[in-house]
Structures are given as structure tokens and as C-alpha cells.
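Heads up, the thing below is written out as C-alpha cells.
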Amino acid sequence: MCGIIGYVGPRVALDVAVAGLKRMEYRGYDSAGVAVIVGDHIELRKKAGKIANLEAELAARPIAPTQIAIGHTRWATHGGPTDENAHPHISANGRVALIHNGIIENFATLRQQLEAAGVPFQSKTDTEVAAQLLGREVEAGADLADAMRTVCRLLDGAFTLVALDVTQPGRLVAARRNSPLVVGVGEGENFVASDVAAFIEFTRSAIELGQDQVVDLDRDQVTITDFAGRPAQGKPYEVTWDLSAAEKSGYDWFMRKEIFEQPRAVADTLLGRFTDAGALKLDELHISEGHLRAVDKIIIVACGTAYYAGLVAKYAIEHWTRVACEVEIASEFRYRDPIITGRTLVVTISQSGETADTLMAIRHAREQGARIVAICNTNGSTIPRESDAVIYTHAGPEIGVASTKGFITQLAACYLLGLYLAQIRGTMFGDEIAGVMRELAATPPLIQKVLDTLEPMRDLAKRLAGKESFLFLGRHVGYPIAMEGALKLKEIAYVHAEGFAAGELKHGPIALVDKDVPVFIIVPPMGRDRLHDKVVSNIEEVRARGAHTIVLAEEGDLDVAPHADTLFRLPRVSTILQPLVSIVPLQFFACELATLLGYDVDQPRNLAKSVTVE
Ligand code: F6R
């Protein structure tokens, strides 16, 4: 959701900015723009639509090389996705150009005041207010960084701002509240961006800015203060992945690449979590064992795909720890006045670590006295920083908007957390925990086995490409997987899809079933699971109504064959871990179908990778 880049250094700054914007395309956007300083004025190019439109504009109206640039991809909130509303915005006096990620909540009042003072506006955005305020401050004689701090103190809401001043062609100033911003520290050059992917080609040294901080940079120096101007510290770190992780490496889509990276992603997430003695250790869990033993309720809060990972976690955590576990959509959580005490453990799951709904939910839970454990894939992002403990997933950068390896590693981390709590609370014997851990550690080759046998899903996608509606059924941990399978299809193939608990079907949704509605059914392991036979009956219920049934069942399950129009075999794993293998064909099917339908799989319409507005 909005990508921001600023560069100052010896390279052709515009090229750095445009390349950085391309690497952040996955965040989701509907217009793009750049600004540079040429002589005594600011040159601006901005266009609605894809970055290709901006590049065409730059080709038609080229700009001489400069050593400072800012660039922006915008995901429209206030004001439609038009050329005028695209960022950067220039102040009416021509002094500053500014880009913004977030929402300025008090922009209407500020705009009225500025208009009353005679300031003309060019756009309908909330952002332009910040550009105008900054332009007036510097025009009145304020230093650029002081002016930025003054403006930040006037704004309410979420904002990352980056600005340049026409009178200072070697200097950039940026500010951060709630939305992400990272500094890239190079040799004789510096960067600011929403995401390290934007500058990973040039440097891996990063500084994560804290909440309410301003950074002032030229090509040699980076100075950080708080909004009051007091010296402040960012958090320096080295990015551990390289450019190839942010590239497609021969795949047509990032999503497909990420689906195929899942065995490694799960293995990396599990790596180093066992001691030689077979006990589990979660190094980043800085909450005392005494506190974890006293926990009497767990609430998992997350959004979208991460919420479905949370639903799977509920089955595992309650089964292994016997602690009541609720799972809640983050955007609903704080508005229903949840019951939280000092003995409540809130577990939050977020790939990006920046999702505004999730962030607000954990802030609310902390205010009520809960301890927070974050499961997160993005080092140094806001959600883990505001949590008491973190279990990092090691999926590597996830660029496809539809989450795949992010999800599967969230599942792995949830299992680890459940087993760890069982170990601390003594609700499972050590050898039972070791047994599940061994099985968990053995899943990456099983996920690989699924990946090696996906060909039938390709054919199936061809056969079902004209269908307008799909159903997904599952029970127990198969139920969240059914919903996640449906979400993947909605997100990227734009077809109607719903996931249901298979037992719930007869209470209403079965009315939707007819010969034109293919139904995916996830079958629990045979024999070892009491729900197996009930799901087989559910398959027959939909088949009797003419549906094409696509059955995902484990190898050797002979009972299902007569009920399946298409049968996809899953490797044998215990029920609770089955999501690690059952989700993979559903992800692949969605990717295949969306590709066949000609859609942009990595950047589906209306969606953003990191949803930094509530
Ligand atoms: C779906 C998807 C979204 C995210 C959701 C939460 O494929 O990616 O539903 O799961 O927006 O995002 P994070 O995990 O970054 O908090």
C-alpha cells in the first residue's frame, strides 16, 4: 500500500527511484510519480495507472540527470487514482515536493484553514495539505527538518512523509508515524523507502525508523530526531537476503515462485528450534515461563490469510495446551470491548508486521494489560516492535500479493508456539512433544512431494476455467484451509468462492450446489481420524446434487475414490499438521486459474500487500 523512495547520491537519481518503485510494485498501487530538483525548480512527472505509464511520460518529457529524487506509488484513499492526485505534490510556492503513505485524518480542517489563507490546491488528496504546510514553513525561514517536525506535530493519523526543498538539492527529510519507513545507508549515498526491497540492489545496511521520528539525510550523513527535535536512535540492521530473493528467478509470477519456495520456508522457520535434548526453545520469547503458565485465555488476532492461520492454530493450541483460545479478525477486535485481563495472552499473526488493523488491535490489548506474542515475517516491522515477544517466520520476502509461503510458515510458527506452551505448562509429555516435532520437521519433503505432483491441478484449471463459482469444504483444521483456498481464488482469479465447514453445508449453503459449481473437499486422514467418514458423506451430498467434486485425500485412502470426480492425493501426515500439505494444491490451482484467465497474479486489482490503513 503506497511505496515510497527517496535517494541522494552520485547515481542518476531518477533511475534509482523508478527501479525502487518497480521493486515495491507488489505493495499495490494505482498511480505513480517522481520529483527531482533541476536548477531552480522542481520537475514533476506523475501518471495514473501502472509504472509503465510513468515511464512513457518520462520518455516523452525526459529530465536531465540529477542526484536527488523522490518517487511514489499511490494506493488511492482520499481522491481517486488520477494524474492530479498522484504523488509527489508540490507546494503552491514551488518550494517543496512531498510524498506520503498513510491517512491524514484532520486534513479537511487543515485544508479549510489553508484555503482561507489563500493557498490554492491542485488535488483532492489529504497529502497536499502536508506539502502546502511544509512549503509555507520553509518559505517563512524554517530549516527543512524543523519545518517537517512542525508539520508532523500538526497532523493526526498515519503518515510517512518524504520531502525535498528546491533550495537544498543535496538533502532529503522524512518522517514516520505508524506507516513504515527504512533508511538504506550506502557509501556516499543514502536512501529512504517503505521497504528494503527498494534499495537492496545498492546496500544491505538498513536503519529502521522508530515511531514519531524525523530523519534528515544527505549523501554522507543520516541524522535522526524525534518530533520535538531531540536526538533519537533508529534500529540498524543488516538485510539477510539478497536481490535474487526480490526477483522472479525464471518464474512467471512471484506467487508461483513463492509456492515452490514453501518446503525451504518451512524448514527455515523450524530450524534451530530444538535443543539437542529434544526440548523446544523459542529464543525470541521474552515472557517469563511463570507468566505463560498463569495464562488462562489466548486470543489470536489477525487479518485475512493470517486469520486463517490463527484458526488452524486454535485447534492445535487447545488440543495441546487445554487453554481456551479465541481467534478474532483484528478489525473487529477492539470495537467489541473484548474481555482481557493480565492473564490473557494475545497472539498476533502478520506477514508484513505493518497491518494497521492488527497493530491497533494489539495496542488495545496492551492497554488492557495483555502480553503480546507476534508471529511475523518482517524483521524490524512495527507489530513485533510493539509486542512483548516475537516468533519470526523465515519465509524470506513475500512479494506476490496473495500470501502463500507467508501462510505456511505462519502455520509452522503456530505449531511451535502451541508445543512450547504445552511444554511449559506440562500438558504434554516430553516424548509426545518430541514426536510431533519430529513429524513437523519431516514436513518439508512432504510439501515438496505435493509440489512434484501438481500437474493434475493444471489440467483441472483448464477444465474449470469458465466456472463462475466454487465451493471449498473442510472440517476441523480442514475448515480454515477451505476458507483460505477460497480466498486465494477470490483474490487473484476474481471468481466467487466460499469456504464452509463441511458439516454446516446442509444448514444452508448446499442450496448453492449444482452442476456448475465445482466443490473442493479436504478429507481428513483415514482411519486415524473420526471425521473422515463424515466428510466422505459430505462429498456424496454435493455429488448427488450434480457438483463436480475435487477431493484432496491422503495416499491409500480407498474410500474416497468412488466419490471423487477429480482425486488429488496428499502425503500422509497427522490430522493437525495436514494443513501444511493440503493448502498447497489450492494455492497452485488459484495461481493456474488466474494465469489462464489472463489476470495479473502478483498484483490483483484493488489489493495491497501491506494494508497500512484501518
Ligand atoms: C491474502 C493476504 C491478506 C493478508 C492480510 C494480513 O492472500 O495476503 O489477506 O493475509 O492482509 O496481512 P499481514 O499478514 O501482512 O498482516
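With the requirement that a residue be within 14 Å of residue 200 (Cβ to Cβ), surrounded by fewer than 22 Cβ atoms within 10 Å (Cβ to Cβ) and either at pLDDT 95 or above or in contact with a His (Cβ under 7 Å, 6 or more places away or on another chain) (or both), what does region 14-28 give you? Residue satisfying the conditions is 19 alone.
Between a residue in region 404-423 that is of a type in the set (D, E, K, R) and any residue that is open to solvent by less than 10 Å² (accessible area, probe 1.4 Å) and part of a helix (DSSP H, G or I), which pairs come within a Cβ distance under 6 Å, given they are 6 or more apart or on different chains? That search, which allows pairs on different chains as well, returns 405/258; 405/262; 405/265.
The single condition among (1) open to solvent by 40 Å² or more (accessible area, probe 1.4 Å); (2) under 26 Å from residue 195 (Cα atoms) that residue 115 does not satisfy is (2).
Collect the residues in region 174-191 that are out of contact with any Lys or Arg (no Cβ under 9 Å at 6 or more places or on another chain) and assigned to a strand (DSSP E or B), keeping them in residue-number order. Result: 174, 176, 177, 182, 183, 185, 191.
Against the numbered list (1) in a loop (DSSP other than H, G, I, E, B); (2) under 29 Å from residue 137 (Cβ atoms), residue 5 comes up short only at (1). Within region 442-467, the set of residues being among the small types (Gly, Ala, Ser) and modelled with pLDDT of 95 or more comprises 442, 461, 465. The set of residues in region 194-210 being part of a strand (DSSP E or B) and β-branched (Val, Ile, Thr) consists of 207 alone. The residues listed here are 435, 426, 396; of these, the one that is touching a helix residue (DSSP H, G or I) at 6+ places or on another chain (Cβ under 6 Å), in the same structural domain as residue 295 (by TED's automatic domain parsing) and either away from the ligand (no atom under 16 Å from the Cβ) or open to solvent by 10 Å² or more (accessible area, probe 1.4 Å) (or both) is 396.
In a residue-by-residue description of region 333-344, the property of being open to solvent by less than 30 Å² (accessible area, probe 1.4 Å) and within 12 Å of the ligand (Cβ to nearest atom) applies to no position. If the condition is being free of Cβ contacts under 8 Å to residues at least 40 places away in the same chain and either open to solvent by 20 Å² or more (accessible area, probe 1.4 Å) or touching a Ser or Thr at 6+ places or on another chain (Cβ under 9 Å) (or both), then region 490-501 contributes 490, 496, 497, 498, 500, 501. Pairing residues of region 232-255 that are among the hydroxyl-bearing types (Ser, Thr, Tyr) with residues that are open to solvent by 60 Å² or more (accessible area, probe 1.4 Å), at Cβ distances under 7 Å and at least 6 apart in sequence or on separate chains, gives 237/379.
Matching residues to (1) assigned to a helix (DSSP H, G or I); (2) more than 24 Å from residue 554 (Cβ to Cβ); (3) not assigned by TED's automatic domain parsing to the domain that holds residue 564:
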position: 461; (1), (2), (3): yes, no, no
position: 479; (1), (2), (3): yes, no, no
position: 492; (1), (2), (3): yes, yes, no
position: 497; (1), (2), (3): no, no, no
position: 500; (1), (2), (3): no, no, no
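In region 211-313, counting only strands (runs of 3 or more DSSP E) that sit wholly within it, the ones holding 2 or more residues that are within 16 Å of the ligand (Cβ to nearest atom) span 297-302. Here residue 4 clears all of (1) within 21 Å of residue 107 (Cβ to Cβ); (2) open to solvent by 30 Å² or more (accessible area, probe 1.4 Å) except the condition numbered (2).
The residues on offer are 326, 318, and the sole one that is more than 14 Å from the ligand (Cβ to nearest atom), part of a strand (DSSP E or B) and not assigned by TED's automatic domain parsing to the domain that holds residue 486 is 326.
Looking only at residues of region 604-614 that are open to solvent by 40 Å² or more (accessible area, probe 1.4 Å) and in contact with an Asp or Glu (Cβ under 8 Å, 6 or more places away or on another chain), we find that the one that is farthest from the ligand (Cβ to nearest atom) is 614. Within region 382-393, is there a residue that is more than 16 Å from the ligand (Cβ to nearest atom), open to solvent by 10 Å² or more (accessible area, probe 1.4 Å), over 24 Å from residue 208 (Cα atoms) and assigned by TED's automatic domain parsing to the domain that holds residue 270? Within region 382-393, none of the residues are more than 16 Å from the ligand (Cβ to nearest atom), open to solvent by 10 Å² or more (accessible area, probe 1.4 Å), over 24 Å from residue 208 (Cα atoms) and assigned by TED's automatic domain parsing to the domain that holds residue 270.
Taking the residues in region 351-381 that are more than 11 Å from the ligand (Cβ to nearest atom) and in a loop (DSSP other than H, G, I, E, B) as candidates, determine which candidate is surrounded by the most Cβ atoms within 10 Å (Cβ to Cβ). Selected residue: 370.
The values are calculated or read from the model by the stated rules, or taken from the named source; none is laboratory data. Keep in mind it's a predicted model, so treat the numbers as computed, not measured. Positions of Cβ are generated from backbone atoms using ideal geometry, with glycine treated the same way; all protein chains shown enter the neighbour counts. Keep in mind that these areas ignore ligands, DNA and RNA; they rest on the heavy atoms of the full protein, side chains included. Shrake-Rupley method; radii C 1.70, N 1.55, O 1.52, S 1.80 Å.
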